[in-house]
Amino acid sequence: MKFSRWASCAVIAGAMIGPVALAQSDGDITAAQAELPRQDLIITGADKVPHVFSVEIAKTSREQAVGEMFRTSIPDNQGMLFVWPYPQISQMWMKNTLVPLDIVFVGLDGKVNAIEENTVPQSLAQIESNGPVKATLELNGGVTAKLGIRVGDSVASKALPLKS
């Protein structure tokens, strides 16, 4: 289950209860979700080389909770984007996620705020953004190192809000 956590205590409690209630009301998540609508996303570093990805957009709580669970592969040029309704601390885990991911946190300025590379499949360890972000991007594990994507690189997509 993927989930995020807000910065304030009251909202943190609600966010932590929300995914649990979702899982209970909809039954346990036991299979990958159907492919979601896609948008192009471009990450450009200091070298000015654009790296283009076709990303699924996880909009609803259910889509975000399921994320990339139970998928057995993710092409290097694809991923999933979680756009948060407002700037927040993003917290993810790898429960039922079968492949390693690079988790890229997109800061309020539209730049890579933090990267967690090659996350451990099925781990319950919390993976948290380095401060408030407007989106979280999941890519195939190892892609960020392979392409030289780093903190501070620019992220652009029609799916991302222009201002936070």
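Annotations for the structure displayed:
- Residue in segment 87-96 that is touching a helix residue (DSSP H, G or I) at 6+ places or on another chain (Cβ under 6 Å) and buried (at least 17 other Cβ atoms within 10 Å of the Cβ) present: no
- Restricting attention to segment 42-57, the residues that are touching a residue at least 40 places away in the same chain (Cβ under 8 Å), among the small types (Gly, Ala, Ser) and surrounded by 11 or more Cβ atoms within 10 Å (Cβ to Cβ) total 1.
- Hey, Ser123 of a type in the set (S, T, N, Q) and either closer than 17 Å to Val55 by Cα or under 12 Å from the mean Cα position of the chain (by Cα) (or both) or not: no
- Residues that are in contact (Cβ under 8 Å) with a residue 40 or more places away in the chain, surrounded by 18 or more Cβ atoms within 10 Å (Cβ to Cβ) and part of a loop (DSSP other than H, G, I, E, B) within segment 107-158 comprise Gly110, Ser129, Pro132, Gly141, Ile149, Asp153, Ser157, listed in sequence order.
- Flag for Lys158 being more than 13 Å from the chain's Cα centre (by Cα) and among the basic types (Lys, Arg): yes
Every number in this text was worked out from the coordinates using simple rules, so none of it is lab data. Nothing here was measured: the structure is a model prediction, and the numbers come from that model. When we count neighbours, we look across all protein chains shown, and the Cβ atoms used for this are built from the backbone with ideal geometry, even at glycine.
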